[in-house]
Amino acid sequence: MADKKKVRVRIAPSPTGLLHVGTARTALFNYLFAKKNNGDFILRIEDTDKERSEKKYEEDIVESLKWLGLAWDEGPVRQSERTEVYKKYLEKLLEGGHAYWCFCTKDDLEAQRESQMTNGHAPKYSGHCREVSLDEAEKRLGSGKDAVLRFKVQEKEILVKDVVRGKVQFDTSLLGDFVIAKSFDEPLYNFAAVIDDHEMNITHVIRGEDHLANTPKQILIQEALGFDRSEYAHLPLILAPDKSKLSKRVGDLDATIQSLKKHGYMPEAVLNFLLLLGWNPGDEKEAFSLEESVKKFDFKKVQKGGAIFNEEKLNWFNSHYIREADIGRLANMAKEFVPKEFADSSMFEKALEIERERMKWLTDFEELAGLFFKLPDYPASKLKWKTSDVKTAGKHLEKVLGIMEESLGNGLEGRVMEYADAEGRGDVLWPLRVALSGQEKSPGPFEIIEVIGREEAIGRVKEAIKKISK
Ligand code: GLU
Ligand code: ZN
């Protein structure tokens, strides 16, 4: 059997902003495809644009991918460190007559454009400098003239069998000779990406549909250099709820992984949500762990049409995973969102165990669980049950206090319930719960006692009785 090439894919973000959810979705699909095929997933930082690239954004990309758990096998490879490699290939293209120096100024280009438009042609580079010989070009460069490198586009049809989109046909006569480098030291995206995909033995280019238009340009460069063509898979665009292209913001959120993290989303919820942005499991089940996703992932179920960012769904996944998570792990994550006294308290995990049922975001915990750490102030009137009055509440609390003081072991709940069943559950349990929580809505009284402990509970009931007798 012939050796099948090892699958190698890459995520290639430009560090010109925080990691966008669209790029994270692309990273996930690359990761899933790599793992499913025992292949490699590579991180490449496309930082050729010196003006717009920033180290802090590269750090954010690395942090965000780590937070999501999308571990890469190689990298980060930085394009800014590979200038010599690109130079070698630029020279090769020049010598082979596939590229040439263009000396047109901005004004020249504008004039060419205008004349094309008046003649009813779609504007593209006119090919004006194609005929400048390499010798002549080098002379001009030597005399300090500015120039860029353009690729000499061969006019032809290119057929791409895209894994998601099926056959896509391109007519390269529409492209015009495009710029591949601003100088030998400043290669541009389409060129640098082709070189790297080749040198890194990338077998499948999986990326957003917004890059579909770059594909014929990249294939032309590959062909000129005699490189193999990789497979292509262009993922559907992510759309805002109004079906516009998802930009920087969606609802209350910035469409970045960092913003989702700060908002109190769990990484597994974000991953699961991203998984369904363009991929359909084909049955009812929607909650998938990363391992399950690897097993199930299949490009056949990736849709062509845009995928809508549905915040409700993201929230649903988040509540789901908050409830499912290992409590120790959840606690570690939730600690980032609470005051230090909460985080350091021995009650922290128990309180979280109870409150996680009601949490949509990790950020909800502080407010929901505040009552465990400090009894909120409340008026005595809150202690009275619907049909009853404050005095009666006080009487029941005295009785319950007695039971609490006597029961040291597990008997407490049973004995209080026995009393409550005899006197009316609302009449007994309502004031007890308010005494313990200071709130109209809270977990049940025995859950609260479980967290704060018997002594603190007794103190709170005494405080309630004092409020009533004032
Ligand atoms: N740097 C490009 C981006 O961030 C990568 C495109 C590609 O995957 O080829 O969109
Ligand atoms: Zn020119």
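The table for this structure:
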quantity	calculated
Meets criteria (in contact with a Gly (Cβ under 8 Å, 6 or more places away or on another chain) and not hydrophobic (A, V, I, L, M, F, W, C)) for residue 48	no
Subset of region 210-241 [farther than 19 Å from residue 92 by Cα and more than 11 Å from ligand 1 (Cβ to nearest atom)]	213, 216, 231, 236, 237, 238, 239, 240, 241
Qualifying residue in region 181-192 (condition: within 24 Å of the chain's Cα centre (by Cα) and either in contact (Cβ under 8 Å) with a residue 24 or more places away in the chain or within 15 Å of ligand 1 (Cβ to nearest atom) (or both))	yes
Some residue of region 41-58 being away from ligand 1 (no atom under 16 Å from the Cβ) and modelled with pLDDT of 95 or more	yes
Region 228-247: number of residues that are in a loop (DSSP other than H, G, I, E, B) and in contact (Cβ under 8 Å) with a residue 24 or more places away in the chain	8
Pick from region 1-14, criterion modelled with pLDDT of 95 or more and farther than 19 Å from residue 195 by Cβ, ranking: farthest from ligand 1 (Cβ to nearest atom)	6
Which numbered condition residue 91 fails, given (1) touching a Ser or Thr at 6+ places or on another chain (Cβ under 9 Å); (2) away from ligand 2 (no atom under 16 Å from the Cβ)	(1)
Residue match in region 135-155 (condition: within 14 Å of ligand 1 (Cβ to nearest atom) and either in contact with an Asp or Glu (Cβ under 9 Å, 6 or more places away or on another chain) or among the β-branched types (Val, Ile, Thr) (or both))	no
Some residue of region 29-39 being within 12 Å of ligand 1 (Cβ to nearest atom) and either under 27 Å from residue 255 (Cβ atoms) or not aromatic (Phe, Trp, Tyr) (or both)	yes
Long-range neighbours under 8 Å by Cβ, at least six apart or interchain, first residue on the phi > 0 side of the Ramachandran plot and among the aromatic types (Phe, Trp, Tyr) within region 358-369, second at pLDDT below 95 and part of a helix (DSSP H, G or I)	none
Residue in region 118-134 that is farthest from ligand 1 (Cβ to nearest atom), counting only those that are among the charged types (D, E, K, R) and surrounded by 12 or more Cβ atoms within 10 Å (Cβ to Cβ)	130
Conditions (1) free of Cβ contacts under 8 Å to residues at least 40 places away in the same chain; (2) more than 30 Å from residue 93 (Cβ to Cβ): number failed by residue 267	(1)
Residue 173 among the hydroxyl-bearing types (Ser, Thr, Tyr), surrounded by fewer than 17 Cβ atoms within 10 Å (Cβ to Cβ) and either more than 16 Å from ligand 1 (Cβ to nearest atom) or over 42 Å from the mean Cα position of the chain (by Cα) (or both)	yes
Candidate set from region 127-160 (those that are in a loop (DSSP other than H, G, I, E, B) and free of Cβ contacts under 8 Å to residues at least 40 places away in the same chain); member that is farthest from ligand 2 (Cβ to nearest atom)	156
Pairs, first touching a residue at least 40 places away in the same chain (Cβ under 8 Å) in region 308-328, second among the polar types (S, T, N, Q), C-beta under 8 Å, six or more apart	317/272; 321/272
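Here's the yes/no breakdown for (1) touching a Pro at 6+ places or on another chain (Cβ under 9 Å); (2) at pLDDT 95 or above; (3) in a helix (DSSP H, G or I):
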| residue | (1), (2), (3) |
| --- | --- |
| 259 | no, yes, yes |
| 264 | no, yes, no |
| 270 | no, yes, yes |
| 284 | no, no, no |
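Residues are listed down the side, and each one gets a yes or a no for (1) more than 14 Å from ligand 1 (Cβ to nearest atom); (2) in a loop (DSSP other than H, G, I, E, B); (3) modelled with pLDDT of 95 or more:
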| residue | (1), (2), (3) |
| --- | --- |
| 77 | no, no, yes |
| 80 | no, no, yes |
| 92 | yes, no, yes |
| 116 | yes, no, no |
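The values are calculated or read from the model by the stated rules, or taken from the named source; none is laboratory data. Bear in mind that the values here come from a model prediction, so they are computed numbers and not experimental data. When we count neighbours, we look across all protein chains shown, and the Cβ atoms used for this are built from the backbone with ideal geometry, even at glycine.
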